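Q: Please see the structure below; I have some questions.
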Amino acid sequence: MTEPAPNPAPRDAGQWARPVDKLNLSGVQAGGIRLNVEGRHLTGPIRGFGQMWQKTYWVRLPGAAAAPADVIAVWKAEFPNFWPKGNRFYGPLTGIRPGEVAVLNLAGPGGVTAPGDTPVIATGIMVIFADDVSFSFMTPEGHILAGLITFSAHTDEGATVAQVQALIRTMDPLYELMFRVGIGHKTEDDFWLATLRSLAARFGVNGLPQLRSALVDPRVQWSEAKNVWQNAAIRTGLYLPVALLKKVFRRA
Amino acid sequence: MATKMLETALRRHGDVAILDLTGEIDGFADEVLNAAYAAAEQTAPRAILLNFKGVDYINSTGIALIVGLLAQARRAGRKLLTCHLGPHYTEIFQITRLADFMSLYPDEASALAQDS
């Protein structure tokens with residue numbers, strides 16, 4: 001058998017981010033704790049420490065007069081509004097487009113925040129892919145999860161379905177421990193199920209989000225245990241006293 | 001625009017299984033790609049070479065499928081190689097860090113020569 005014919009110019013060319021050496025925050029909305037993003041490398045699901053999971057969360061939007069492209073347009077434009085309380089997304093000034101970076105300030109497990117409703121984990125994402133019916137983020141070093149997460153919408157049996165699919169490993173042994181005892185999985189699952197409920201409500205649907213998890217690789221990668229030095233939760237925890245003092249002095 | 005469903009063909013060269021991929025690698029390619037990879041694995045090759053010469057579209061779901069194949073290969077202690085990615089998909093493999101764990105060759109001959 002011979003090789004297939006050469007491929008023409010790829011039509012996804014404008015939908016992918018260009019490779020970057022390190023992330024920078026120059027195009028990100030002001031505000032939040034801007035730690036653990038600037039100067040960090042992207043990771044992705046191969047570079048993490050823990051077991052690799054594929055988690056798919058979805059919600060059907062029956063009766064919503066919104067095609068998949070309409071859902072994705074709203075999701076991109078109003079992305080932070082759908083997140084659970086205590087979590088903040090400081091997005092790109094130009095919107096969710098390939099190559100743009102965002103700052104995430106996240107609550108801890110169970111929505112726990114520090115005094116003054118201060119988030120306990122500061123990290124970020126980069127938009128690596130976006131088209132009319134989907135967009136994807138990758139995470140930088142120090143994030144809880146080394147992952148690729150794709151937000152998409154499609155039609156199934158006459159209804160539009162909104163979906164979040166995460167291909168993830170925990171970044172380091174401490175995060176993996178949280179996942180092994182169940183806290184990490186519950187926090188992650190609750191987060192995206194709540195997000196999908198909010199998205200469904202935006203389209204006037206009282207949605208019942210579903211979840212499917214698959215263990216893609218049960219092994220841990222000990223060669224990546226060193227990632228713990230960049231653990232965003234620890235680094236944010238060390239910074240929080242400074243952030244709280246800043247808040248107090250701004251009020252004074 | 002009409003989509004081109006992924007088609008695959010399996011060949012063998014020595015102890016390398018070669019998977020020729022033609023069409024689009026996206027969410028619809030899930031079953032086809034995983035079935036083709038499983039068929040390649042059944043021949044117990046030392047390495048599996050993914051030939052992207054006929055691929056003209058990959059989205060992020062498609063990249064996630066390839067990550068899944070890489071995880072399977074690493075678990076089995078098998079090399080996963082690629083050829084004919086071209087400059088565009090080479091960039092995508094770099095940004096998604098797939099290039100850190102897969103050998104990328106410009107063509108099939110160089111993949112087979114350098115991996116022998």
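The values are calculated or read from the model by the stated rules, or taken from the named source; none is laboratory data. All values reported here derive from a predicted model rather than from experimental measurement. FYI the Cβ positions are ideal-geometry reconstructions off the backbone, even for glycines, and counts take in every protein chain you see. Quick note on the areas: whole protein, heavy atoms, side chains included, nothing else; ligands and nucleic acids left out. Shrake-Rupley method; radii C 1.70, N 1.55, O 1.52, S 1.80 Å.
Q: Pick from B:17, B:39, B:29: which is most flexible by mean-square fluctuation in a GNM of chain B where alpha carbon atoms under 10 Å apart are linked?
A: B:39
Q: Can I ask one more? For a quick check of understanding: with a 1.4 angstrom probe and all protein chains in place, what accessible area in square angstrom does residue A:152 have, to the nearest ten?
A: Taking all protein chains as shown, residue A:152 has close to 20 Å².
Q: Moving on to the next point. Please list 3J(HN,Hα) in residue order for the range B:45-58, calculated via the Karplus relation 6.51 cos²θ - 1.76 cosθ + 1.60 where θ = phi - 60°; whole Hz, with x for glycine and proline.
A: x, 6, 9, 10, 9, 8, 9, 8, 4, x, 8, 10, 7, 9
Q: Answer with one residue from A:225, A:107, A:201: the one whose Cα lies farthest towards the positive end of the charge dipole of the protein assembly as shown, charges on Cβ with Lys, Arg +1 and Asp, Glu -1.
A: A:107
Q: Starting from a Cα-only point model with no solvent, please compute log10 I(q)/I(0) by Debye for the protein assembly as shown at q = 0.07 1/Å.
A: -0.31
Q: Return the sequence-ordered ³J(HN,Hα) values of the range A:198-213 in whole Hz as given by the Karplus equation 6.51 cos²θ - 1.76 cosθ + 1.60 applied to θ = phi - 60°, using x for Gly and Pro.
A: Once θ is set to phi - 60°, the couplings for the range A:198-213 become 5, 5, 4, 4, 4, 9, x, 10, 8, x, 10, x, 10, 9, 9, 10 Hz.
Q: Follow-up. What is the distance in Å between the Cα centres of the range A:70-132 and the range A:188-239?
A: A separation of 12 Å, based on Cα centres.
Q: Hey, which aspartates and glutamates would be in cross-link range of residue B:4, C-alpha to C-alpha under 12 Å, not counting anything within fewer than 8 residues on its own chain?
A: B:24, B:26, B:56
Q: Of A:22/A:247; A:22/B:53; A:85/A:186; A:55/A:186; A:22/A:226, which pairs sit farther than 21 Å apart, going by alpha carbon to alpha carbon?
A: A:22/A:247; A:22/B:53
Q: Calculate for chain B the 222 nm mean residue ellipticity that helices alone would give, adding -39,500 (n - 2.57) per DSSP H run of length 4 or more and normalising by residue count, nearest 500 deg cm²/dmol.
A: -12500 deg cm²/dmol
Q: If packing is taken as the average number of other Cβ atoms within 10 Å across a peptide's residues, how do A:169-175, A:238-244 rank, most packed first?
A: Highest to lowest by the protection proxy: A:169-175, A:238-244.
Q: Now, a different point. Using r as the Cβ-Cβ distance of residue B:46 and residue B:94, and R0 as 30 Å, what FRET efficiency do you calculate, to the nearest 0.05?
A: Between residue B:46 and residue B:94 the formula returns 0.75.
Q: Calculate for chain A the 222 nm mean residue ellipticity that helices alone would give, adding -39,500 (n - 2.57) per DSSP H run of length 4 or more and normalising by residue count, nearest 500 deg cm²/dmol.
A: -7500 deg cm²/dmol
Q: What figure in square angstrom, to the nearest 10, would you give for the accessible area of residue A:21 with a 1.4 Å probe?
A: Taking all protein chains as shown, residue A:21 has close to 110 Å².
Q: For the range B:7-115, what's the radius of gyration and Dmax over Cα atoms, in angstrom?
A: Every Cα atom of the range B:7-115 included, Rg and Dmax give 12.4, 33 Å.
Q: Quick one: Karplus J couplings for the range A:59-73, per residue in order, coefficients 6.51, -1.76, 1.60, θ = phi - 60°, nearest Hz, x for Gly and Pro?
A: Once θ is set to phi - 60°, the couplings for the range A:59-73 become 9, 8, 10, x, x, 6, 7, 9, 6, x, 5, 5, 4, 5, 4 Hz.
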